[in-house]
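Here the structure is laid out as structure tokens; the discussion comes afterwards.
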Amino acid sequence: EGCSVPILRDGDLDVNDMDKCLGLAYDLVMHPDEALRSVGTPPPTMGRAPEAGPAPIAMRVMGTLGGRFDQVMGAFHCLYSWSSAFSGGVSIVDSGNVAAVLLPGENVVRVDERLATKVCGLLPIGQPCRSLRTTGLKWNLDGPGLAFGTFVSSSNELVNVAAGATVHASDPIIWTNELKPSRWPSWEDSLAAPHERATPPPPPPREPAKHATETK
């Protein structure tokens with residue numbers, strides 16, 4: 001407040017702080033006239049892609065990968081909830097790592113070689129990924145899925161950091177990249193908006209047609 005920054009207070013305890021921030025950021029882009037009036041109510045999506053479509057920006061949330069483990073997992077929950085709400089996805093960042101959700105379909109992973117090392121990983125947090133194909137990695141994956149207790153791709157490497165990689169996934173999957181220890185990323189750095197979509201995900205199955213005589 002002393003720096004002329006508006007402080008918005010939201011007492012809703014059913015939604016965590018990162019949810020609230022991402023919901024407000026979405027509304028500031030898509031519904032700027034209504035955004036500040038809605039403070040104090042749950043974010044409009046509540047974990048679902050908003051009906052208005054994705055906001056045309058990428059979101060980066062700083063300082064979210066250290067500290068309490070339950071809060072780190074809460075940040076990953078927000079990644080799954082909100083990545084489809086922003087066209088450039090959502091990345092969570094600390095001084096040594098960046099992580100983002102790659103959505104179903106083909107993803108082109110691009111990282112900033114000034115900041116990122118070649119070390120990367122693909123982790124099926126929250127649910128198995130039934131099928132995964134990659135190019136550009138030292139140990140590429142070609143079909144078999146990933147699941148905790150079965151197989152995960154940790155400590156993998158990009159063959160060429162500048163060229164990035166492609167990841168074709170059947171289900172959402174976490175992409176992680178190690179960052180160089182030289183400096184904290186700044187807002188000007190082109191840091192990982194990794195799920196630039198090369199192809200859209202497959203369409204969801206259609207629901208069977210309902211007849212006029214159907215009763216509930």
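For this structure, a couple of remarks:
- Working ranking of peptides 147-156, 78-87 by packing, defined as the average number of other Cβ atoms within 10 Å per residue, highest first, is 78-87, 147-156.
- Note on His31: accessible area is roughly 70 Å² with a 1.4 Å probe, heavy atoms of protein only.
- The stretch between Val72 and Glu113 holds 12.2 nm of extra length on full extension. This uses 0.36 nm per residue minus the Cα-Cα distance.
- Heavy-atom accessible surface of the range 63-105, averaged per residue, reaches 34 Å², computed with a 1.4 Å probe.
- Among residues other than Ala75 with Cβ under 11 Å from its Cβ, the summed charge is -3 (Lys and Arg +1, Asp and Glu -1).
The values are calculated or read from the model by the stated rules, or taken from the named source; none is laboratory data. Bear in mind the structure is a predicted one, so any value in this text is a computation, not a measurement. Don't worry about glycine lacking a Cβ; one is built from the backbone with ideal geometry, like all the others, and counts go over all protein chains shown. Calculation scope for accessible area: heavy atoms of the full protein, side chains included, ligands and nucleic acids excluded. Shrake-Rupley method; radii C 1.70, N 1.55, O 1.52, S 1.80 Å.
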